[in-house]
Amino acid sequence: MTTLQRAEAAEHALSQELDRVVVKSVIFTSGERDPRQPVPRPPDDGRLYMMGHDARLPKMPDKPTLFDFFRYRFGPSMHLLQSARLAMKNGVSEKIVLACLLHDIAIAGFIRSDHGYWSAQLLEPYVDEEVAWGIRYHQALRFFPDESVGYRYPELYVKLFGADYVPEPHIQEAHRYARNHKWYMTSRLITVNDLYSFDPSVQVELEEFTDVVGRHFRQPKEGLGFDQSPSAHMWRTINWPTRYL
Ligand SMILES: [Fe+2]
Ligand SMILES: [Fe+2]
């Protein structure tokens, strides 16, 4: 068996223990497998299909808040917490502190590729337009230095993508557009406070940002995912990533 087959077999065994059948979304495995092939599914043994909470995941409250998503669905978020703390230390506005706290939430809990855009879409109904805009464009701006604020091309990117990596035309276009926008500096300040490598000895707690989030994030009373906003479905997918439909 290949590593992938072994992983699939182990996972199959695990999902057999569930009382519901789980079939993965194509995007969860595309690349590891050819997405044109049929999605692997367990044999039909009379069990019902997953349509809600997956017992392998911690259960979320019925009306989940932003912090509940940090606690129960996001990966380690020290990068976000430390970036927000750095922003605070640098004396930027609370809105920018919030933007730093949330700028990579797509990576933390949803989809990595094009994370600036996904993060912005998740947040748009709940934050200032300027905050979402800044988050959307930070992804492109990270590739372009701005000496006026001491922002240099990240050394980490040289290591990750190679010295000869050139951003694709759509990223260059996004940079050109953002550069001339009235909110350019909002997005740029996210990149300035975007810590490349966080210090493992520094612990930052989510609660440090309770007030900033309380003042600048419009938490829906029905809970994120259940409020009929244009991005509610995205939050529901993070809550219930294995639902069949
Ligand atoms: Fe980012
Ligand atoms: Fe980041």
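The values are calculated or read from the model by the stated rules, or taken from the named source; none is laboratory data. Being a predicted model, the structure only gives us computed values, none of them experimental. Glycine also receives a Cβ, built like all others from the backbone with ideal geometry; neighbour counts cover every protein chain displayed. Note: areas computed on protein heavy atoms with side chains; ligands, DNA, RNA excluded. Shrake-Rupley method; radii C 1.70, N 1.55, O 1.52, S 1.80 Å.
Worth a mention:
- Note: relative contact order over the chain, using C-alpha pairs below 8 Å and six or more positions apart, is 27 percent.
- Peptides ranked, highest mean first, by Cβ atoms within 10 Å: ranges 223-229, 29-35: 223-229, 29-35
- Solvent-accessible heavy-atom area per residue, rounded to whole Å², over the chain at 1.4 Å: 55 Å²
- Inter-part distance where the range 59-137 and the range 173-236 are each reduced to a Cα centre, Å: 3 Å
- Computed over the chain, Kirkwood Rh from alpha-carbon pairs, angstrom: 19.9 Å
- Take the Cα of residue 44, step 7 Å toward its Cβ, do the same at residue 179, and the gap between the two points is 5.8 nm.
- Percentage relative contact order, the range 51-185, counting C-alpha pairs under 8 Å, at least six apart: 15 percent
- Area accessible to solvent at residue 153, 1.4 Å probe radius, in Å²: 70 Å²
- Placing +1 on the Cβ of every Lys and Arg and -1 on the Cβ of every Asp and Glu, with nothing else charged, gives the chain a dipole about its Cα centre of roughly 200 debye.
- Legend: calculated FRET efficiency, residue 237 to residue 170, from the Cβ-Cβ distance at R0 = 25 Å, rounded to 0.05, equals 0.50.
- Look at the dipole of the chain built from charges on Cβ: of 96, 116, 229, the Cα furthest out on the positive end belongs to 229.
- For the chain, carbon and sulfur atoms together expose 55% of the accessible surface, with a 1.4 angstrom probe and every protein chain in place.
- Volume per residue that the Cα convex hull of the range 1-130 spans, once the total is divided by residue count, Å³: 151 Å³
- Charge dipole magnitude, Cβ of K and R +1, D and E -1 - the range 140-245, Cα centre, debye nearest 20: 440 debye
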